[in-house]
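One structure is given below, encoded as C-alpha cells.
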Amino acid sequence: MTGAGTTVPRRRPRSTLFRVVAAILILLVALLASYALWTVYENTLTPAALNQGSQLNPKPSPPGGLSPTAARALAAYGGEALWNAASVVETTVTVGGLLFQLKAINIPAHARITVDVQRPHTVIEPVDESGDIGVLDGFSVMIVAPDGRIVAQRADAREHLQNAGLTTQWDRLNLVYFLGYAFWGYYTFPYLLTRADIEWTELGDGLLQADFGTNLPVHSRIQRFWFDTKTGLLRRNDYTPVAATPAARVANVVFEHGVSNGIPYTSKRRVKTSIQEYGWVLPFPDFITIDVERWRLR
C-alpha cells in the first residue's frame with residue numbers, strides 16, 4: 001500500500017523488448033546489405049570478375065597448336081622455350097582456409113613444396129609437425145619420415161577419397177594427394193598449355209576451357225581459366241574439387257603476382273565458393289588461402 005501523493009512508475013517491458021528486437025533486426029539488415037555490397041564489389045571490381053570476352057565458335061586447339069589466348073598466356077609467364085627447359089619449381093608457401101578447418105588437418109605454415117614440371121610429382125616438406133614428408137607421384141602418395149622410412153603409402157589415392165562431404169575428415173594421405181596434385185597444377189600451369197594430353201578450347205578472348213582427361217591427377221576433368229586480355233596473366237580458375245567433395249563449385253582467384261628472375265608467378269590466391277558453376281563467388285569465408293613466400297623455377 002502506498003501513501004497519498006506517491007506515484008508508482010509504470011513499467012514498459014513490452015516496449016523495451018520491442019526496441020531490442022528492432023535493434024537486432026536493423027543490425028541483421030545492415031549486415032546483409034553490407035555482405036550484398038561486398039559480393040557485388042568482389043564480382044565486379046576484383047580479379048574474380050567474369051569477362052566472357054567476345055564469344056567464338058569454340059573448338060579444341062589442334063595438337064601442338066596454341067589458341068591466341070593460350071599463346072598470350074604462355075608468353076606472359078616466360079615463354080615455351082623457358083618451360084620446356086625447366087625441371088622443377090621450388091617454393092615456400094602457407095596454406096589455410098575453411099576447407100582445412102572442416103577437414104581438421106593441414107600442413108604447417110611456410111612449408112616447402114617442390115613440383116616436377118614435366119610430370120605430376122610433388123614433394124611437401126614438412127607435411128606435419130613431426131617433420132614427415134609428403135610425396136605425390138601420379139596417383140600414388142606416401143608419407144616419408146625424416147630418416148627416410150616410409151610411414152604410410154597408398155597406390156591409387158583416387159580409390160580412397162574421403163570426400164562424402166566437406167566435414168568428412170581427411171587422413172594424411174588424402175591431404176598429401178589433394179595438395180600434391182593441386183600445387184602441381186598451379187605451379188606448372190603455363191607448361192600445361194603445351195601438353196598433348198590436355199585438350200584446350202578457347203571459349204572467348206581471355207577464356208580457356210581444359211579437358212584433362214582421366215590420366216592426370218587434377219581437381220576435376222573440366223576446368224575453365226580466365227586471363228587478363230592485355231597482360232595474358234591468369235585471373236581465375238574454376239573447377240570442382242572432387243577430392244574435397246564433388247558437391248562444391250569453386251573459383252581459384254589470383255589476387256597478386258610476384259616476379260622471380262623476371263618470371264611472373266601467382267603469389268596470392270584465394271579460393272572462393274561459387275554461387276553457381278562459372279558464376280559469381282561469395283566473398284567470405286575463403287575456402288582456401290594460398291600465400292607463396294618464395295618461388296623459383298630451375
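The values are calculated or read from the model by the stated rules, or taken from the named source; none is laboratory data. None of these values were measured; they are calculated from a predicted model. Ideal geometry is used to build each Cβ from the backbone, glycine not excepted, and the neighbour counts take in all protein chains shown. Just so you know, the surface numbers come from the protein's heavy atoms only, side chains and all, with ligands and any DNA or RNA stripped out. Shrake-Rupley method; radii C 1.70, N 1.55, O 1.52, S 1.80 Å.
For the range 226-240, indicate whether the set of residues that are at positive phi and over 17 Å from the mean Cα position of the chain (by Cα) is non-empty.
Yes, the range 226-240 has at least one match.
Which residue is least open to solvent (accessible area, probe 1.4 Å), if the candidates are limited to the range 129-157 and must be more than 24 Å from Gly213 (Cβ to Cβ) and among the acidic types (Asp, Glu)?
Pass one, the range 129-157, residues more than 24 Å from Gly213 (Cβ to Cβ): 129-134, 142-153.
Next, only the ones that are among the acidic types (Asp, Glu) stay: 129, 132, 147.
On the way: Glu129: 164, Asp132: 17, Asp147: 106 Å².
Ranking the qualifying residues of the range 129-157, first place goes to Asp132.
What residue, among those in the range 158-169 that are in contact (Cβ under 8 Å) with a residue 12 or more places away in the chain and within 16 Å of His219 (Cα to Cα), is least open to solvent (accessible area, probe 1.4 Å)?
Gly165
For the range 173-194, state whether one or more residues are touching a residue at least 40 places away in the same chain (Cβ under 8 Å), surrounded by fewer than 18 Cβ atoms within 10 Å (Cβ to Cβ) and not basic (Lys, Arg).
Yes, the range 173-194 has at least one match.
Scan the range 253-298 residue by residue and report those that are open to solvent by 20 Å² or more (accessible area, probe 1.4 Å) and of a type in the set (D, E, K, R).
Glu256, Lys268, Arg270, Glu277, Asp286, Asp291, Glu293, Arg294, Arg296, Arg298
When you go through Pro217, Pro283, Pro246 one by one, which is the residue that is part of a loop (DSSP other than H, G, I, E, B) and more than 30 Å from Val141 (Cβ to Cβ)?
Going through Pro217, Pro283, Pro246 in turn, the sole match is Pro283.
Touching a helix residue (DSSP H, G or I) at 6+ places or on another chain (Cβ under 9 Å), surrounded by 12 or more Cβ atoms within 10 Å (Cβ to Cβ) and either aromatic (Phe, Trp, Tyr) or modelled with pLDDT of 95 or more (or both): is that true of Ala73 in this structure?
yes
Quickly run through the range 241-252 and pick out the residues that are open to solvent by less than 20 Å² (accessible area, probe 1.4 Å) and farther than 21 Å from Thr94 by Cα.
Thr245, Ala248
Being out of contact with any Phe, Trp or Tyr (no Cβ under 6 Å at 6 or more places or on another chain) and at pLDDT 95 or above, is that true of even one residue in the range 42-61?
There is no residue in the range 42-61 that is out of contact with any Phe, Trp or Tyr (no Cβ under 6 Å at 6 or more places or on another chain) and at pLDDT 95 or above.
Residues Thr114, Thr122: which one is surrounded by fewer than 20 Cβ atoms within 10 Å (Cβ to Cβ), within 19 Å of the chain's Cα centre (by Cα) and under 30 Å from Ala196 (Cβ atoms)?
Thr114
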